[in-house]
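See structure below.
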Amino acid sequence: MTAPLWLTDPFRAMIDPIDREAFFRDYHEKKPLIVHREDPGRYAGLLSIARIDDIISSIDLRDGSLDMARSEPPVRREDYMFDTGYVDRGGVANQYRQGATVILPQLHMTDAVLGEFCRAVESILSCHVQTNIYLTPPDNQGFNTHYDDHDVFVLQIEGEKLWRFYETPVENPYRGEGFSPEAHQAGEPVAEFVLKAGECIYVPRGLMHDAQTHGDTASLHITLGLIVKTWADLMLEAVSEVALRTPAMRHSLPPGFAQPEYDRSQAAEQFKGLADTLVQEMSLDGAMDFFVDSFIRSRVPNTRGTISGYTAPARPGQAFRLRAFVPWRFAGDGDENVIITAGGEVRFPAEAETGLHKLLDGGEVTAASFEGQEEAAAIETLGKLHAYGLTIPV
């Protein structure tokens, strides 16, 4: 069975016919991308209204796993939540009937299909990717005009939505630098369009927008949020690493610096000296290595098939390959080999190095690939690789 495009090539599934190079050169963090296409089934299998109905009607959702919104009048929490902290299924259906949008935040954390999709996108972008799901009944709007503090892709799954783009009052806002309707007036739209099933848009952070259902059917879309690290984050980490090596940077600020009569001239000279030290001592590699390891370790492992197929490593001649989109970094000290991967690190004996390199270089491995290990030890290595989601049987 052929895997869906949104899993094998997630960027192409979203932005085709724009290629990846053109996207990062012309659109990323610069301007929105609107991709129209006549392919309503493009995201089939990723999500559906029927599956949303199943989730709400069959799972005891708690506070935080479902939200509701309506531009006017606003939805009250007590209209769809019990005092116990569980979602009132009947209340959700009743508010939806009255025009409220159903929101399932972070559904990728509990839905295997969305989780796999997010991992595929994360492998391309090297950033945390999250989903928010929005199901809006016909002729309704969930939110008023606003901007987001993170870039998003919007995948229209079913129905249609009328979108309006406005100006960008804040370029690349910080995470948490929220939209204020008093400070940022929307004005007239600079673009207005209908997004149909199978189509996608990219909205850079800071761009004001709003959307409402178009037509006489409900609208279901996935908002894919990109939670990135910035150059400012990297610089702060680099400064921290210099401070660990430079006692002068850890001295307290001058006594009385907050008093009105304090003379800052000496502090200014000291500040300049420390800034010169930073220029000389800051290392891109140290800070970047820290971010690489932090990103990899913080990913959610994909261990699908490792329980049902736990006997695979012991089958004679069974071959394995690296699981698609799995994040990893290899480290070894001669006595032990370490693969840093989603969830942490997996350790192997030094004798496994030959087979591990073959695997990580894109090859297929069997127990015989681990030439430096006895058969039982090689099978144990295969078992550990499989159990932690690093490999899948061929």
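The values are calculated or read from the model by the stated rules, or taken from the named source; none is laboratory data. Here the structure is a predicted model, which means the values were calculated and not measured. Using ideal geometry, Cβ is built from the backbone for each residue, glycine included, and neighbour counts are taken over all protein chains shown.
Cβ-Cβ distances below 6 Å connect the following pairs, each with a first residue in the range 76-104 that is within 18 Å of residue 136 (Cα to Cα), a second residue that is assigned to a strand (DSSP E or B) and among the hydroxyl-bearing types (Ser, Thr, Tyr), and a separation of six or more residues or different chains: 101/134; 101/136; 103/134. Among the residues making up the range 251-301, those that are surrounded by 14 or more Cβ atoms within 10 Å (Cβ to Cβ) and among the β-branched types (Val, Ile, Thr) are 277, 292, 296, 300.
Scanning the range 368-377 for residues that are crowded, with 17+ Cβ neighbours inside 10 Å and in contact (Cβ under 8 Å) with a residue 24 or more places away in the chain gives a single hit, 373.
Every listed requirement among (1) part of a loop (DSSP other than H, G, I, E, B); (2) touching a helix residue (DSSP H, G or I) at 6+ places or on another chain (Cβ under 7 Å) is met by residue 140 save one, (2).
The residue that is surrounded by the most Cβ atoms within 10 Å (Cβ to Cβ), counting only those in the range 190-231 that are in a strand (DSSP E or B) and among the hydroxyl-bearing types (Ser, Thr, Tyr), is 219.
Residues in the range 343-394 that are polar (S, T, N, Q) and within 19 Å of residue 323 (Cβ to Cβ): 366, 369, 381, 391. Scanning the range 335-394 for residues that are among the charged types (D, E, K, R) and assigned to a helix (DSSP H, G or I) gives 351, 353, 358, 375, 380, 384.
Look at (1) under 17 Å from residue 198 (Cα atoms); (2) touching a residue at least 60 places away in the same chain (Cβ under 8 Å) and you find that residue 28 fails only one, number (1).
Does the range 307-330 contain any residue that is assigned to a strand (DSSP E or B), free of Cβ contacts under 8 Å to residues at least 60 places away in the same chain and surrounded by 13 or more Cβ atoms within 10 Å (Cβ to Cβ)?
Keep residues of the range 307-330 that are assigned to a strand (DSSP E or B), which gives 320-322, 328-330.
Cutting the leftovers down to free of Cβ contacts under 8 Å to residues at least 60 places away in the same chain gives us 329-330.
In the following step, the residues that additionally are surrounded by 13 or more Cβ atoms within 10 Å (Cβ to Cβ) were identified as 329-330.
Yes, the range 307-330 has at least one match.
Report whether or not residue 93 is at pLDDT below 95 and over 27 Å from residue 190 (Cα atoms).
No.
When the residues of the range 154-188 are filtered to those that are modelled with pLDDT of 95 or more and surrounded by fewer than 19 Cβ atoms within 10 Å (Cβ to Cβ), the one that is farthest from residue 232 (Cα to Cα) is 162. Of all residues in the range 45-70, those that are within 20 Å of residue 221 (Cβ to Cβ) and out of contact with any strand residue (DSSP E or B) (no Cβ under 8 Å at 6 or more places or on another chain) total 5. Quick check on residue 109: is it at pLDDT 95 or above and either of a type outside the set (Asp, Glu) or surrounded by fewer than 13 Cβ atoms within 10 Å (Cβ to Cβ) (or both)? When the stated conditions are applied, residue 109 does not pass them. For the range 290-306, a residue qualifies if it is in a helix (DSSP H, G or I), over 15 Å from residue 129 (Cα atoms) and touching a strand residue (DSSP E or B) at 6+ places or on another chain (Cβ under 9 Å), and the qualifying residues are 292, 293.
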